[in-house]
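One structure below.
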Amino acid sequence: MHGQTAVMLERVAAYSTPEPVPTGTETTLEGLMEQIARGDQGAFSELYDRTAPRVLGLVERVLVDHAQSEEVAQEVFLEVWKDAARFDTAKGKALSWILTFAHRRAVDRVRSSQSGRDRDERIGKRDTETGYDNVSETAEIRIEHERVARAMAGISELQREAISLAYYGGYSQREIAEILSVPVGTVKTRLRDGMARLRDELGVTS
Amino acid sequence: MTDDKSFDPGAEELSGAYALDAVTGEEAADFEKARRASADVDREADEFTETASLLGLAVTPVVPSARMKADVMAQIALTPQRPAESSRTAEPAGEPGSARATPAGTPPRAERATEPATAEREGSAEATPASAASPRGQLVRFPRPLRYLAAAAAAVALFVGGGIVGNALTSGTATSTNQAASALADIMAQADAQKLSQPMGDGTATLIWSGSLARSAVLVEGLPALSDGKVYEAWYIDATGARAAGTFRPATDAATWHVLDGTMTAGAAVGVTVEPEGGSAQPTTDPVLVMKPA
């Protein structure tokens, strides 16, 4: 009856630890999304590490309040986890998808009345404090920043103002109309024409 | 504030505002209708969404707190994933346009009462036969980095309820399952927790262990079912022979895991055999699995 144990011991002796996955080859975010869609939490962890500062940066840009922004960013990542299988590589980049998500959630939070009121106070405060965040920027971010800044310079002042209020301010077209004292239809047109020119400046094609 | 509809030249004019999230739920629904009706509007919406995300890329990143990651990892460990939206091949011939109409690549908007896409999503989930079972099925996938689950160790009951079927030596009662789940969470929570995976049958077997606790657990996806009167039995194996470490049964719809009884000595391997009900004192069949920590 110890024969079976002998078999096992043989196998133990012959056993070699599987080769670890070679490091250094970085999976794309899209590749990670595929793994996440299959329930891979390790891939999710990596995706988080690589995108969380961007997500939080964007959410905080809109929401201003740091603690609330972390809450919303958490919701964003939970949604990314839940909906990973719905990400479609053919439709675009994973980072765009995540940031689109993040922006939407941030805006949803702003629209919940109290958050919005608190934020408006904070925005006033922030704008008197520093014009821009003082976190050191990586070269990659700086390049993207410059690219967008250049594209933004290529559209009209009125379009730029409307787009900034909408995207970075999280204001609805109606709120923007009130802020600028122009009809909603005018804001809508500025947003659409401005986005069309930005799209061309940035070379976005579908 | 002007709500006058006559102000709106048409819902498709909302493409810019929509991509910038500057619309109300109702306006978003109107625009989504317009986009479903026109390929041009749909393309413009995609391009504007991409353009907006580039605005997002230009924002200075903010480093999140370490706590945020721990919270997120604990949450996802306990959160089932949604199935993919109706796959194109499985799509019933009914509405060829509808798969496109709910852009699969676009994150859903917040659940709003006026949101038609919500109903569509639910509809498509129902149409997918696997979807009823899959939220459970998804959850059982075992996380690779063990440490993250440590944060979720407190939520042991959820862990069990979520579809990972634990098997203690005396399997069956909620208490013993909870104890086994606690033991598993304990092992994973150790700073020296380690993991080893290898293919087994159609699935993967994973051994996790902690030297400081001298305990281990084996997790198997797709462990074959056994005929009546048979159980799986785990063993610690070292130069002195095999020590019985508890019996367990395969989970029917989930990953099977078993926390081994007894102490894991340094250098011991873990084996699994098929044994008669009640287990054996020594293995009586060839092992179906042998794993040796490095």
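The values are calculated or read from the model by the stated rules, or taken from the named source; none is laboratory data. These figures come from a predicted structure and were not determined experimentally. No Cβ is skipped: glycine too gets one built from the backbone with ideal geometry, and neighbour counts run over all protein chains shown. These area figures cover heavy atoms from the full protein model, side chains too; ligands, DNA and RNA do not enter into them. Shrake-Rupley method; radii C 1.70, N 1.55, O 1.52, S 1.80 Å.
Ranked from highest to lowest mean number of other Cβ atoms within 10 Å per residue, what is the order of the peptides A:100-110, B:280-290?
In descending order of packing, they fall as A:100-110, B:280-290.
Quote the total accessible area buried by chains B and A together, excluding ligands, DNA and RNA, probe 1.4 Å, nearest 100 Å².
Answer for the B-A pair: about 8700 Å² buried.
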Report task. Please identify every one of the trypsin sites (Lys or Arg not before Pro) in the stretch A:28-86 that sits in a loop by DSSP and has no more than 13 other beta carbons within 10 Å of its own beta carbon. Result -> A:R38
Requested in this report: Count, for each residue of B:39-49, the Cβ atoms from other chains sitting within 10 Å of its Cβ, then give me the mean as a whole number.
Outcome: 4
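Among the GluC sites (Glu not before Pro) within the stretch B:215-294, which fall in a DSSP loop and have no more than 11 other Cβ atoms within 10 Å of their own Cβ? Before the final figure, lay out each step's value.
Details: sites: B:E221, B:E233, B:E277; in loops: B:E221, B:E277.
Within the stretch B:215-294, the qualifying GluC sites (Glu not before Pro) (loop, at most 11 other Cβ atoms within 10 Å) are B:E277.
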Report summary line: Taking 0.36 nm per residue of separation between B:K230 and B:R43 and subtracting their Cα-Cα distance, the length gained on full extension comes to 61.4 nm
Report task. Enter the mean number of other protein chain beta carbons within 10 Å of the beta carbon of each residue in A:45-54, as an integer. Result -> 4
Report summary line: Karplus-derived 3J(HN,Hα) from phi for the stretch A:46-62 (6.51 cos²θ - 1.76 cosθ + 1.60, θ = phi - 60°), whole Hz, x at Gly and Pro, runs 5, 4, 4, 4, 7, 10, 4, x, 5, 4, 5, x, 5, 4, 6, 4, 7
Query raised in the report: In the structure shown, do any of B:K69/B:K195; B:K69/B:K292; A:K93/B:K69 have a Cα-Cα gap over 26 Å, and if so which?
Result: B:K69/B:K292
Report summary line: Note: A:185-196 gets an average of partner chain Cβ contacts (10 Å, Cβ to Cβ) equal to 6
